[in-house]
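Dumping the structure here so I can ask a few things about it.
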Amino acid sequence: MDSGHLRALAQRSWSKLICGASYQDTASIEPLSWIFTLAGVNCIDVAADPAVVQAAYRGIQRAGTPAPWLMVSLNDDTDPHFRKAHFDPERCPADCPRPCERVCPVQAISRAGVELPRCYGCGRCLDVCPYGYISARTYVQRPGAVVELLHHQPIAAVEIHTQVGHREAFQRVWQELQPWVTRLPLLAISCQDHDQVIPYLWSLYEIITPLPCALIWQADGRPMSGDIGAGTTQATVRFAQKILAQGPPGWVQLAGGTNAATWPLVRQLNLPVHGVAYGSYARKLLQPYLQNLDNEAVLATAVTLAKRLIHPKTPGAADWASAAAPAPTVPG
Ligand code: SF4
Ligand code: SF4
C-alpha cells in the first residue's frame, strides 16, 4: 500500500483521473494513464473490464514513477455512468444532418452507428435525433465480475455508484463485495445529490461499518459534464458542502462537472474537501496529445497540462481561461 495516497487525502490534495465506468477505449486509456501517472495523480478510475484494467496498468508501468491506485467501479442499480447509446444506422435517412455525431464528445458515432467501447454514456446524443432513433441501454455491473477482477488484477480500490432509494440493492452488492473490499486500502461510494441524500448516506454508513479501510464519499454533482463549461462544477461543490456539514465520517471528493474552475471555487469558498476527480474535462484536455506521446516535447506538454489540472497549487491551475484555452499545436 502506498501511504502517500492516504497522506494526499489527509492533506486535501488528493486527485483522481476518471477514465469512466463505461469507457473502454483502451487506445486512449493507456496513454491517459501514462500522462496522469507522470503528473502524480493518486488514483485512476477505470471500467471493471480486464482489458481496460490492463491498458491502464500498462500506462502506469510505462511511467515508472510512484504508481497511482487503480480503482474499478460498479453500480447497485440503474445509473447514468453504466449505459451505452444505441441506434440502427440502417434506419438513418441519407439527408439527416447527423446532429448525433456533432454532440458526441468522444467521436463515438459514425455512419456505422455507435462505437461501443468509446461511448461512456454521457447522454448528449440521446435527445438530438429528430427521429428519436437513439436509445440508452443501461446495465448493472455484477459484483461477482468485480470480485473476479480483484482476484487477478492489480486493483487497489473499488467504487460503488448508488442513488437515494437503492439501499436494499446497495446492501446486496455490499454482502458480495465486503470480504474483498475490506482487504483493499480504499473504498469509495459515489452518489448524486437529492433532498434525502444525507440520511441516505448515513444509512449506507451503517451498512459498511466497521470498515478497516479508508472511505471516500464522491459527491457526483453533474455527471460527465466537466468539459461543457466552467459552471458545471458548481453542483458538486454545493453537494460536497452538504456532506461536509452533515454527512457521515469519511473523506470527501468532488466529481461530476469538475474542471479547471473547481479548485478556484473550492478555495474561494474555503471548502475543506479532500480531493477532486476529473473525468470528461481531463480526457478532452489531453486528447489532442495521446497519439503523439513518443515525441518528448508533446509528452512534456501533456504532463504539464495534467499537473496544472490536478495540483491545485501549481501556477496557472487557478485560471479556468488559461487551462481551457486551445491546446498548443501538437507536432505530428
Ligand atoms: S454522445 Fe455520449 S452517450 Fe452518445 S455516443 Fe457519444 S459518448 Fe455515448
Ligand atoms: S440524428 Fe438520428 S437519424 Fe440522424 S444520423 Fe443520428 S441517429 Fe441517425
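Output yes when any residue across the stretch 94-111 is part of a loop (DSSP other than H, G, I, E, B), touching a strand residue (DSSP E or B) at 6+ places or on another chain (Cβ under 7 Å), within 14 Å of ligand 1 (Cβ to nearest atom) and touching a residue at least 40 places away in the same chain (Cβ under 8 Å), and no when none is.
Initially, the stretch 94-111 is screened for residues part of a loop (DSSP other than H, G, I, E, B), giving 94-98, 104-108, 111.
Keeping just the survivors that are touching a strand residue (DSSP E or B) at 6+ places or on another chain (Cβ under 7 Å) gives 108.
When the remaining residues are screened for being within 14 Å of ligand 1 (Cβ to nearest atom), the result is 108.
From what's left, touching a residue at least 40 places away in the same chain (Cβ under 8 Å): none.
Checked against the condition, which is being part of a loop (DSSP other than H, G, I, E, B), touching a strand residue (DSSP E or B) at 6+ places or on another chain (Cβ under 7 Å), within 14 Å of ligand 1 (Cβ to nearest atom) and touching a residue at least 40 places away in the same chain (Cβ under 8 Å), the stretch 94-111 yields no hits at all.
All but one of (1) among the aromatic types (Phe, Trp, Tyr); (2) free of Cβ contacts under 8 Å to residues at least 40 places away in the same chain; (3) within 16 Å of ligand 1 (Cβ to nearest atom) hold for PHE82; state the number of the condition that does not hold.
Here PHE82 clears every test but (2).
Would you mind stating whether CYS19 is surrounded by 24 or more Cβ atoms within 10 Å (Cβ to Cβ) and within 20 Å of VAL181 (Cα to Cα)?
Taking the combined requirement at face value, the residue does not satisfy it.
So which residues in the stretch 112-124 are more than 7 Å from ligand 1 (Cβ to nearest atom) and not in a loop (DSSP other than H, G, I, E, B)?
GLY113
Quick one: ALA136 ticks every box in (1) within 12 Å of ligand 1 (Cβ to nearest atom); (2) in contact with a strand residue (DSSP E or B) (Cβ under 8 Å, 6 or more places away or on another chain); (3) of a type outside the set (D, E, K, R); (4) in a loop (DSSP other than H, G, I, E, B) except a single one, so which number is it?
(4)
Further, regarding this structure: PRO130: more than 23 Å from GLY229 (Cβ to Cβ), more than 8 Å from ligand 1 (Cβ to nearest atom) and touching a helix residue (DSSP H, G or I) at 6+ places or on another chain (Cβ under 8 Å), yes or no?
Spelling it out, PRO130 is indeed more than 23 Å from GLY229 (Cβ to Cβ), more than 8 Å from ligand 1 (Cβ to nearest atom) and touching a helix residue (DSSP H, G or I) at 6+ places or on another chain (Cβ under 8 Å).
Something else now. Pick out the one residue from LEU17, LEU70, LEU9, LEU74 that is touching a residue at least 40 places away in the same chain (Cβ under 8 Å), within 23 Å of PRO185 (Cβ to Cβ) and in a helix (DSSP H, G or I).
Values: LEU17 fails: in a helix (DSSP H, G or I); LEU70 fails: in a helix (DSSP H, G or I); LEU74 fails: in a helix (DSSP H, G or I).
From the options LEU17, LEU70, LEU9, LEU74, the qualifying one is LEU9.
Does at least one position in the stretch 196-207 carry a residue that is surrounded by fewer than 14 Cβ atoms within 10 Å (Cβ to Cβ), modelled with pLDDT of 95 or more and part of a strand (DSSP E or B)?
no
The values are calculated or read from the model by the stated rules, or taken from the named source; none is laboratory data. Worth saying up front: this structure is predicted, and the values here are computed from it rather than measured. Glycine gets a Cβ as well: all are built from the backbone with ideal geometry, and neighbour counts include every protein chain shown.
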